[in-house]
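The block underneath contains the structure these notes are about, expressed in structure tokens.
The values are calculated or read from the model by the stated rules, or taken from the named source; none is laboratory data. As the structure is a prediction and not an experimental result, all values here were calculated from the model. Glycine also receives a Cβ, built like all others from the backbone with ideal geometry; neighbour counts cover every protein chain displayed. Accessible surface is based on the protein model in full, side chains and every heavy atom, while ligands, DNA and RNA are left aside. Shrake-Rupley method; radii C 1.70, N 1.55, O 1.52, S 1.80 Å.
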Amino acid sequence: MSVNTYDVIVLGVGGMGSAACWHLARRGVRVLGLERFDIPHAMGSSHGFNRIIRLAYFEDPSYVPLLRRAYENWRELEGRFGEQLLFITGSIDAGPEGSAMVEGSLAACRMHDLPHRLLDGAELRRVAPGYNLPDTHRAVLQPDGGFVSAERAIVAHVTQAQAAGAEIRAREPVLSWEPTASGVRVKTARGTYEAGRLILAAGSWMGEFVPQLKTVAVPERQVLGWFQPREPALFAPECFPVFNMEVDEGKFYGFPIWHVPGFKIGRWHHLGETGGADTLSRECGAEDEAVLRPCVSRYFPQANGPTMAMRACFFTNTPDEHFVIDTLPDLPQVVVASPCSGHGYKFCSVVGEVLADLATGKKPSFDLSLHALDRFTPRLHAITEKKSM
């Protein structure tokens, strides 16, 4: 039986995988991308029209160099694709004075000399009247934030990858993979393929392909809601910055009106529902709306109109909520691509470049120590034992 061979196989052609396919193909690498669903699709973590991008990164200032490169790559991609993918609205990181979100955002701005303004709730209402935070809260306004057109960016990455010679196969589930003397062998529902390197960009299915990662990459159901504003002009992209905020009701994030006639909002870790990616519900109901309504009515009262849409997607959380970008222990030909804990899509354009480096033996130009697998060493004992038997 003949086996098709490639330099690199990418398992999963969502946000990260599609970007990796393009960055590999543009370097002349023979790449095969395998996706079990459509391209794009609404079964994972990259649908719902858009995703926030921001430079004032409260999670850790070390993300900022990656973000700067991500902005450059998004602009290059949209230029090549001929369609705007990156939209600038400014970004807000808000919460009580001294909160982790506000202090983390300020630390990133100061460390990396990012332009920003620190506002109280009253000042924020004057700058962006759609907000109604308490006067005692603080908000870091950073002008470079905005959002990426998530599904169209996947289309753009795949289109450019195909134009550069990549082979992309959708609706072809991967059944198994195994290391070989020369690299890896991948079996799908339609055939068998071999390559020197494998990139695992399987998102919420990562634990299905590396079982020892089940406790490191945990799928969680997340729900977004779109609500019709009473005054739509207050929530237009030109006057409503994207946001993350800490309030009494939890941690929330949101967007201006775009592609749906409603203001978009979600709560971090929604209902805390974790489980298998094939078993978590993708339906939305009254319980999901009830998570979001109190925040909308209190802090965005002019957006508290009828529900326009709801979507369920997935976070894939690591224990410390930082990424995984690394090779597997004792299997350097297998690259693990970023279970992102709900804040990774904005990085796709640069992570794809980093994954291409790792899969071609090039040292990435970024400090990736925060995202190394060895921080989870106690959880990863014998990760390759079964694969190497």
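Computed quantities for the displayed model
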{"item": "³J(HN,Hα), Karplus 6.51/-1.76/1.60, whole Hz, each residue of region 349-354, x for Gly, Pro", "result": "5, 8, 5, x, 5, 5"}
{"item": "Listed residue pairs exceeding 32 Å between alpha carbons, taken from K264/K362; K187/K363; K187/K214; K187/K251; K251/K363", "result": "K264/K362; K187/K251; K251/K363"}
{"item": "Estimated vicinal HN-Hα couplings, Hz - region 123-136 in sequence order (Karplus 6.51, -1.76, 1.60; Gly, Pro = x)", "result": "5, 5, 4, 6, 6, 9, x, x, 8, 9, 6, x, 4, 6"}
{"item": "For region 68-134: rounded, prolate or oblate by the Cα gyration tensor [a/c cutoff 1.5]", "result": "oblate"}
{"item": "Accessible surface of region 243-389, 1.4 Å probe, proportion on carbon and sulfur as whole %", "result": "51"}
{"item": "Net charge over other residues, Cβ less than 13 angstrom from the Cβ of H259 (K, R count +1; D, E count -1)", "result": "+3"}
{"item": "For G33, residues with placed amide H under 5 Å, excluding near neighbours", "result": "V10, E167, I168, R169"}
{"item": "Accessible solvent surface per residue of region 39-108, calculated while the other protein chains remain in place, 1.4 angstrom probe, Å²", "result": "34"}
{"item": "On Cα atoms only, tilt of 286-299 relative to the major axis of the chain in degrees", "result": "50"}
{"item": "Relative packing of 363-370, 306-313, which averages over residues the other C-beta atoms within 10 Å, highest first", "result": "306-313, 363-370"}
{"item": "Net charge of Cβ neighbours under 10 Å - reference E208; Lys, Arg +1; Asp, Glu -1", "result": "0"}
{"item": "Pairwise FRET efficiency - D60 versus S297, Cβ, R0 = 41 Å, nearest 0.05", "result": "0.80"}
{"item": "Formal net charge of residues neighbouring T360 (Cβ-Cβ distance under 15 Å; K, R +1; D, E -1)", "result": "+3"}
{"item": "Phi-based couplings in Hz for region 172-178 (Karplus 6.51, -1.76, 1.60; Gly and Pro marked x)", "result": "9, x, 7, 8, 6, 9, 8"}
{"item": "Approximate spin-label separation R126-A286, in nm, with each point projected 7 Å along Cα-to-Cβ", "result": "4.4"}
{"item": "Burial order of peptide ranges 341-353, 226-238, 156-168 (average beta-carbon count within 10 Å, highest first)", "result": "341-353, 156-168, 226-238"}
